[in-house]
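Right, one structure below, let's go through it.
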Amino acid sequence: MKQSKLQTLSWSDYLMYETNGVMPISGFSQHAIDDGRADWMARDLEDKSLWSFTLTQEQKSTLDTAFANAKATKLSIQELSRENFPLVDMAPLFERIQFELEQGRGLFLLRGFPVDAYSKADLRYMYVGFCQHLGVAVSQSSGGDYIGDVRNFNVDVNSRNGRAYTSKQRLTFHSDQADVVGLLVLRTAKFGGLSKLASALAVRNEIARTRPDLLEVLHQPFCWSWQGQQPTGASEWYRQPIYTECEGRFSSYYIRTHIISAQRYEDVPRLTVQQIEAMDLIDALAGSEKFHLSMMFETSDLQFLNNHVILHSRTAFEDYEEDDRKRHLLRIWLSVPNSRPLHEGMHTLFQDRRPGAVRGGFPSRDGRQVFETTVSVT
Ligand SMILES: [Fe+2]
C-alpha cells in the first residue's frame, strides 16, 4: 500500500485541495489485484459455455405462464415484482447469473429470450418482470427512463447532452452508470454493431505492472459532464476517479466522452498530459485483441455486464431501410443484491455506496417512470 501524506484524508477533504488532480488519494494497491476470474484475457473466454446459457423450452414456458398471469391480473409494468411474476424453477439460473457478474468474469450471455413470440410492448413487460429476479431497475435518465431503447435516433455522441446509446456511431470502451447493465436484442443491424467486452480489471492490472505512475493518476479525480442528467440544482459536472478500491474490491468507471465533454466548462481544470496518457492507455489495452472479446449479437440474446469490472464498446452500424428491421436493443440498469461496496469517491454518482444497495443511474427528476425512449434523449 502506498504511503502518502493524504492517506488519512477523506474524499471530501481531498476535493478541497483543488489540485488539477496531481495529488494521490488514499489507499489503493500498487500491485495486480487478484479477484479471481474477473481478470480475464480474450483467450480465457473461448469456451462460451462458461459464461453463456440458452433458455430451455421448460424455462420459456415458465416465462410464458408468468407473463400471461401478470397480464390477466392487469398488473402495470411498474407493479411487476418477483412475487407476481414468479419464475421459481429458474432460481438456479438467476443465482448463476448474479454470481458470474459479481464473483466471476463479470459478464453473462443468455440466449433464447422469446423475442419472436411477442410484440415489442409485451417484451418490455416481460423483460422487466424477468429482471425483477436479478435486481432492482434504476433510472437511466433524468426523465425517468427505466428501459432505454438502444437504437439510432440520429443523436451525435459528441453533442452537449448526447447519450451514446441513441446513436449509430462507434462507441469507445466505457462503462454504464449502474452496477449492472442488461441488453436485450430485439433486432440486429444490417451491418456492424459488433459488441466488444474487455476486463477492466485485466486492463488495470496491466497498467499496475507497466505504468504504476498512471495507475496513480487513474485513482485521482477526473471531471465528468453529467450530460444534462444532473440532479436538480446540481452543477453540470462532477468529480470522480476512474479507478477506486473499497474493502479490497476494485471498481472501474470510465466514459471518456463524458470526461472530454466536461472540458467545455470554463471552471473545469484542463486535462493534464498524464490524464490523457492514462486514458489513451486504457483505450489501447482494451482495444487490443489480446484483451477483448468480440461478439456479434443475435436476435433474442440478453447480455448482462457488471460495469465495475467490464468495459464495453460497439462498432458503428448501418440499419435496414424498413423501420421494423432496424437495430433495436432494450437496455436496463440494475442494482443487484450481491454488489460490492464502493469507495467514497463514487458517492456523487452512486449516492449509496453500501453493498447490495439500490444505487446509481440518473434519478428521475419528477419521479416519473418511463419504459420506452420515444424521443432523442437530451
Ligand atoms: Fe454502454
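Where a number appears in this text, it was derived from the coordinates with a stated rule and is not lab data. No experiment lies behind these values; they were computed from the predicted model shown. Here Cβ is always computed from backbone atoms with ideal geometry, including for glycine, and neighbour counts include all displayed protein chains.
Would you give the gap between the C-alpha center of the range 258-284 and the C-alpha center of the range 102-128, rounded to a whole Å?
Computed from Cα coordinates, the inter-centre distance equals 35 Å.
Pick out which of Gln57, Gln132, Gln98 has the largest mean-square fluctuation in a Gaussian network model of the chain, springs linking Cα atoms closer than 10 Å.
Largest GNM mean-square fluctuation: Gln57.
Any idea what the alpha-carbon Rg over 2.2 N^0.38 Å comes to for the range 331-378?
Working: Rg = 12.9 Å, N = 48, 2.2 N^0.38 = 9.6 Å.
Compactness ratio reported: 1.35.
Using the structure shown, select from Lys48/Lys326; Lys60/Lys326; Lys120/Lys326; Lys60/Lys196; Lys48/Lys196 the pairs with a Cα to Cα distance greater than 22 angstrom. Before the final figure, lay out the partial values.
Values: Lys48/Lys326 27 Å; Lys60/Lys326 25 Å; Lys120/Lys326 13 Å; Lys60/Lys196 28 Å; Lys48/Lys196 15 Å.
Among Lys48/Lys326; Lys60/Lys326; Lys120/Lys326; Lys60/Lys196; Lys48/Lys196, the Cα-Cα distance tops 22 Å for Lys48/Lys326; Lys60/Lys326; Lys60/Lys196.
Using 0.36 nm per residue, how much length does the chain from Leu50 to Asp323 gain when fully extended, once their Cα-Cα distance is taken away?
Values: separation 273, 0.36 × 273 = 98.28 nm, distance 3.58 nm.
Between Leu50 and Asp323, full extension yields an extra 94.7 nm.
Short version: what are the Cα gyration tensor semi-axes of the range 44-171, square root of 5 times each eigenvalue, largest first, in whole Å? List each step's numbers first, then the result.
On the way: eigenvalues 142, 96, 40 Å².
After diagonalising the Cα gyration tensor, the semi-axes are 27, 22, 14 Å.
Return the sequence-ordered ³J(HN,Hα) values of the range 321-334 in whole Hz as given by the Karplus equation 6.51 cos²θ - 1.76 cosθ + 1.60 applied to θ = phi - 60°, using x for Gly and Pro.
3J(HN,Hα) across the range 321-334, in whole Hz: 5, 5, 4, 7, 10, 6, 4, 8, 10, 10, 9, 10, 10, 10.
How far apart, in nm, are the 7 Å Cα→Cβ label points at Arg211 and Asp34?
According to this spin-label approximation, the distance is 2.7 nm.
With springs connecting C-alpha atoms under 10 Å apart, model the chain as a Gaussian network and identify which of Gly144, Gly192, Gly182 has the largest mean-square fluctuation.
Gly192
Please say if the range 156-234 is rounded, prolate or oblate, where rounded means a/c under 1.5 for a ≥ b ≥ c the square roots of the C-alpha gyration tensor eigenvalues, and otherwise the choice is prolate for a/b larger than b/c and oblate otherwise? Don't jump to the answer; show the numbers that get you there.
Working: a/c = 2.19, a/b = 1.25, b/c = 1.75.
Cα axes put the range 156-234 in the oblate bin.
Tell me, what does the Kirkwood hydrodynamic radius of the range 99-186 come to in angstroms if you use every pair of distinct C-alpha atoms?
On the way: mean 1/r = 0.0669 Å⁻¹.
By the Kirkwood definition, the hydrodynamic radius is 15.0 Å.
What Kirkwood Rh does the range 171-281 have if only Cα atoms enter the pairwise 1/r average? Answer in Å. Provide the component values of the computation, followed by the final result.
Details: mean 1/r = 0.0633 Å⁻¹.
Mean inverse Cα-Cα distance, inverted, gives 15.8 Å.
Can you tell me the Rg and the Dmax, both Å, for the Cα atoms in the range 230-360?
Spelled out, the Cα radius of gyration and Dmax of the range 230-360 are 17.5, 51 Å.
For the range 292-333, what does the convex hull of the Cα positions come to per residue, in cubic angstrom?
On the way: hull volume 4.1 nm³, N = 42.
Value for the range 292-333: 97 Å³ per residue.
Can you give me the Cα centroid spacing of the range 288-355 and the range 181-220 in angstrom?
10 Å
Can you find, among Tyr125, Asn84, Thr56, the residue sitting farthest towards the positive end of the charge dipole of the range 39-125, where Lys and Arg contribute +1 and Asp and Glu -1 at Cβ?
With unit charges placed on the Cβ atoms, the residue in question is Tyr125.
Add -39500 (n - 2.57) for each DSSP H run of 4 or more in the chain, then divide by its residues: what number comes out at 222 nm, to the nearest 500 deg cm²/dmol? Could you put the intermediate results ahead of the total?
Values: 9 runs with 89 residues, N = 378.
Calculated mean residue ellipticity at 222 nm is -7000 deg cm²/dmol.
Return the Rg/Rh value of the range 92-137, two decimal places, where both radii are evaluated on C-alpha atoms and Rh is the Kirkwood radius. Show your work: numbers first, answer last.
Details: Rg = 12.1 Å, Rh = 11.8 Å.
With Rg and the Kirkwood Rh in hand, the quotient comes to 1.02.
Cα to Cα, under 13 Å, and not fewer than 8 places away if on the same chain: which aspartates and glutamates meet these conditions relative to Lys71?
Partners within reach: Glu79, Asp122.
Mind listing the long-range amide H neighbours of Ser52? Cut-off is under 5 Å, sequence gap 5 or more, other chains count too, H placed in the peptide plane at 1.01 Å from N.
Result for Ser52 returns Leu109.
Could you give the spread of the C-alpha atoms of the chain along their three principal axes, from largest to smallest, in whole angstroms?
The principal-axis extents, from largest down, are 63, 41, 39 Å.
Could you identify which residue out of Lys326, Lys196, Lys168 has the top mean-square fluctuation in a GNM of the chain using Cα springs shorter than 10 Å?
Residue with maximal mean-square fluctuation among Lys326, Lys196, Lys168: Lys326.
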